Amino acid sequence: MTDATTGPLAGTRVMDVSIMAAGPWTGALLGMLGAEVIKVEPPAGDGTRWVMPTQRGMGTNFISMNVNKKDIILDFKTAQGREAALKLAATCDVFVQNFRVGVIERLGLDYESLRKVNPRLVYCAISGFGETGPLAKAGCADPIMQAFSGFARANGAPGDALEAFRFTGFIDLTTASVATEAVLAALLEREVSGEGQKVEVSMLEAALEIQATRIAELLGAGLIPHPLGSESPGLAPDRAFQALDHEIFVTVHNEGEWGGFCEAIEHPELAQDTRFATSRLRVTHRAELNAAIEPVIRAKPAIWWLRVFQRKGVPSGLAHHFETFRHHQQVVANEMIARVTTRDWGVVSVGGVPWHFSNTPCEVRAPARPGEHTAEVLAGLGMEQREAVPAGEKA
Amino acid sequence: MSTLAGIRVVEFAEGVAGPLAALRLADLGASVTKVEPACGDWLRGAAPALPGSEMSAAFFELNRGKRSVALGADPPAARLLMRALVANADVFITDRGDGELGSLGLDEIGTEPFALNPRLVIASVSPWGARGPLADCKGSELTAQAMAGYTRYLGSHGEPARRLGADVASAGTATFAVQAVLAALLWRNRSGRGQRITLSLLNSLLAMKSIHLAAQSDPDVYAGPRVGGASNPPERGWRTRDEPIFFSFGGSVGAQGRPGWVQFVEEAGLSRLLDDPRFDKTGRNSTGHGIDVHELRAEYEREFARHPADELVAIIRKHGGNAATYQRADHALAHAQTRALNIVGEVLSAAGSAVKVRAYPARFSRLRPALDGVAPRLGEHTAAVAAESGIRGSVLAQMLAEGGLATDAEAQCAPSAQPRPAGSSITSRNR
């Protein structure tokens with residue numbers, strides 16, 4: 001990994017002492033934006049190294065969550081490790097940690113301690129449930145927050161109570177994304193004030209942010225999110241319909257698209273039906289609407305519907321899986337999947353950058369080996385590696 | 001002082017992604033002018049509506065504090081205003097294609113630098129990405145979830161597809177768009193130059209799928225099962241005497257994990273598991289997303305059937321494990337933990353009634369994101385914004401006459417006097 005980057009955060013330095021996903025992907029996003037990110041692992045190692053599956057000995061979780069970073073190993077429980085941590089923090093713009101609430105104070109790396117060595121530091125603390133309240137010290141993880149936040153209660157077939165997303169880490173990555181937004185806000189504020197500050201992000205608040213519309217409907221109109229199969233509370237039709245072969249996914253946002261939809265299914269009389277004149281009326285009369293549409297869609301193959309909906313300007317799509325979308329021209333043309341070449345673990349597909357900047361292009365870079373940069377980073381602090389990591393504890 | 005005080009945002013976007021992004025910029029201190037098509041942002045008309053209002057609850061929350069300019073039936077007649085707005089803005093968030101923007105007088109939108117306003121930060125959001133064969137195709141939250149493979153992680157093969165109930169593609173893209181704008185403003189401070197950033201719903205979902213992409217990357221060389229796989233049965237946690245729970249032991253540091261599982265099984269009446277070779281002694285393989293969960297879940301459930309969920313959650317937490325019941329969202333918001341974080345606030349609607357809204361999703365030691373403002377009526381600020389943009393009254397009158405703009409667009413676009421059918425209260429569909 002070379003040091004030169006072209007992203008908008010080039011020249012920014014990040015110290016990332018987090019493990020698992022919610023913290024590490026924050027560092028990864030900042031790294032993709034061009035910051036120099038130094039991941040600091042404990043001697044025991046970030047647990048994601050051992051999470052299945054592994055590729056050539058390394059957890060693919062670790063690989064995907066630690067792109068665009070250097071990697072060093074420090075033992076904060078030793079005086080030398082703490083000294084190195086404080087020296088490193090003094091050189092950084094951003095600090096990211098996701099220890100359980102209370103642990104970081106014991107390690108001497110809490111905000112007040114780091115502010116003393118670096119008042120310009122933006123200190124990002126990521127927690128499960130927030131730093132105050134009865135569950136502040138409770139542990140958390142993606143499926144725990146899916147359960148706690150209501151996220152899982154909005155999924156499933158109609159009539160189901162709930163269904164969790166079998167997709168490990170989605171709320172973790174959501175949390176990382178919200179944390180990155182907040183860190184950037186604090187960096188921008190620093191340009192005016194000259195001072196850093198503490199940024200607190202919880203998985204709970206992030207899980208509610210990703211449910212923004214459903215929570216707004218609950219708060220504003222009392223609608224409690226509940227499973228609707230492939231449908232949504234706000235629009236109709238907005239669902240998967242069974243076509244002759246497989247399902248076609250289609251959404252109608254407004255009256256223009258409704259007109260296009262009725263033309264596409266060759267039932268112009270539906271466009272004139274007063275029961276279906278607006279989104280809200282179509283939601284109210286959802287059962288009659290579905291009864292009118294289902295047999296029509298079932299008569300022809302999904303591809304036929306895809307093309308006719310596209311021609312009529314109606315949002316539509318098919319369900320894909322890894323083997324069909326990874327080579328899809330749309331995914332390839334927009335670099336939505338990145339292939340990184342690691343030194344020890346082969347070539348790995350990871351998510352591409354989510355933003356494409358015209359002047360400051362970003363890229364995804366392979367993660368470092370655990371401890372690969374310990375000597376280099378410590379040398380930059382005027383320390384030798386043996387001071388910080390006891391012999392034999394290197395990865 | 002707010003981070004974005006003095007920053008002018010023009011939002012020409014509908015639905016969720018663009019408007020939510022602009023809302024967060026407004027929370028951070030920016031002023032947002034929303035440009036809407038003749039009949040308004042489609043989210044205005046989505047269900048459910050605020051009580052006593054035709055405005056959807058989601059629209060209200062996502063657009064509070066903004067000003068609304070309504071285009072008319074012939075938007076190109078409003079070119080002058082669009083150019084003035086964009087020329088004077090710091091940030092332009094849009095979900096419109098270059099062709100439509102060109103027809104509104106923003107022909108140079110794809111050029112670098114953007115001659116009309118070289119310092120402008122442009123965030124362009126689309127369903128499928130700026131390039132490629134689908135660049136001009138319409139898309140949606142649902143279709144993005146399907147194409148990104150998200151619907152495979154709910155339900156079972158052969159059953160009707162299910163979506164994530166949360167609008168994850170749109171809300172996720174909103175957060176990425178805010179990141180992009182803030183990062184571009186930081187860079188503008190150093191370079192003096194704006195730039196354009198393109199984002200898409202599909203791209204966002206694949207970025208947030210990184211763990212799974214890596215796991216599926218090369219099946220010929222990976223070892224061990226892939227947890228959370230698409231072919232697993234529906235995940236509904238562990239049954240107890242009442243509500244299901246999810247729980248996990250084993251921690252997240254090192255190869256061996258953390259203790260606690262042994263003490264937990266002893267207290268929960270599951271000591272027999274200590275002698276069962278199928279269970280590792282950390283809980284890693286049999287709890288959470290452990291590799292043997294599907295095989296071993298029933299062993300826990302036999303004992304859990306005797307305990308209420310809350311009691312089990314307390315025991316698990318006492319021994320260092322993670323656990324929660326599957327709460328409904330209203331219970332999540334009412335929970336003492338959520339209340340302690342002051343996540344929900346209130347604003348006064350235009351009609352004077354209090355509406356609950358959610359606060360900025362992070363907290364700062366100094367920054368104080370705003371939690372105020374109501375959503376505008378369609379075209380409520382057309383005249384004021386035009387005047388502020390240096391459009392003279394006679395020119396505005398001409399734009400209105402030609403159909404470029406509308407000042408009272410809501411009346412023009414009201415659904416042709418459709419009364420809401422009796423008894424159709426949206427909230428009656430609650431479960």
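So the values come out like this:
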| read-out | value |
| --- | --- |
| Per-residue [θ]222 nm for chain A (sum of -39500 (n - 2.57) over DSSP H runs n ≥ 4, rounded to 500) | -11000 deg cm²/dmol |
| Förster radius 56 Å - calculated FRET efficiency between B:His294 and B:Ala397 (Cβ-Cβ, nearest 0.05) | 0.20 |
| Cα-Cα over 32 Å, subset of B:Lys34/B:Lys356; A:Lys70/B:Lys281; A:Lys39/A:Lys137; A:Lys137/B:Lys356; A:Lys87/A:Lys137; B:Lys138/B:Lys209 | A:Lys70/B:Lys281 |
| Computed [θ] at 222 nm, deg cm²/dmol, chain B (DSSP H ≥ 4; -39,500 (n - 2.57); rounded to nearest 500) | -9000 deg cm²/dmol |
| Volume of the Cα convex hull of segment A:251-395, divided per residue and given in Å³ | 226 Å³ |
| Inter-site label distance for A:Arg307 and A:Thr6 at 7 Å from Cα along Cβ, in nm | 4.0 nm |
| Theoretical FRET efficiency, 1/(1+(r/R0)^6), r = Cβ-Cβ of B:Glu100 and B:Ala354, R0 30 Å, to 0.05 | 0.20 |
| Carbon + sulfur, % of accessible area of segment A:238-317 - ligands and nucleic acids excluded, 1.4 Å | 54 percent |
| Accessible surface of chain B, 1.4 Å probe, proportion on carbon and sulfur as whole % | 51 percent |
| Computed E for A:Glu384/A:Val103 - FRET, C-beta separation, R0 25 angstrom, nearest 0.05 | 0.35 |
| Positive-end residue of A:His320, A:Val308, A:Leu281, charge dipole of segment A:261-332 with Cβ unit charges | A:His320 |
| Which of B:Leu186, B:Thr175, B:Thr198, positive extreme of dipole for segment B:156-204 (C-beta unit charges) | B:Leu186 |
| Inter-site label distance for B:Arg79 and A:His246 at 7 Å from Cα along Cβ, in nm | 4.6 nm |
| Surface accessible to a 1.4 Å probe, per residue, for the residues of chain B, Å² | 37 Å² |
| Rounded to whole Hz, the Karplus (6.51, -1.76, 1.60) HN-Hα couplings of segment B:135-141, x for glycine and proline | 3, 9, 7, 6, x, 7, 3 |
| Where B meets A: accessible area buried, both sides, 1.4 Å probe, Å² | 14300 Å² |
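The values are calculated or read from the model by the stated rules, or taken from the named source; none is laboratory data. Remember, predicted model here, so these are calculated numbers, not experimental data. Neighbour counts are summed over all protein chains in view; Cβ atoms, including those assigned to glycine, are modelled from backbone coordinates with ideal geometry. Note: accessible area is taken over every heavy atom of the protein model, side chains too, but ligands, DNA and RNA are not part of it. Shrake-Rupley method; radii C 1.70, N 1.55, O 1.52, S 1.80 Å.
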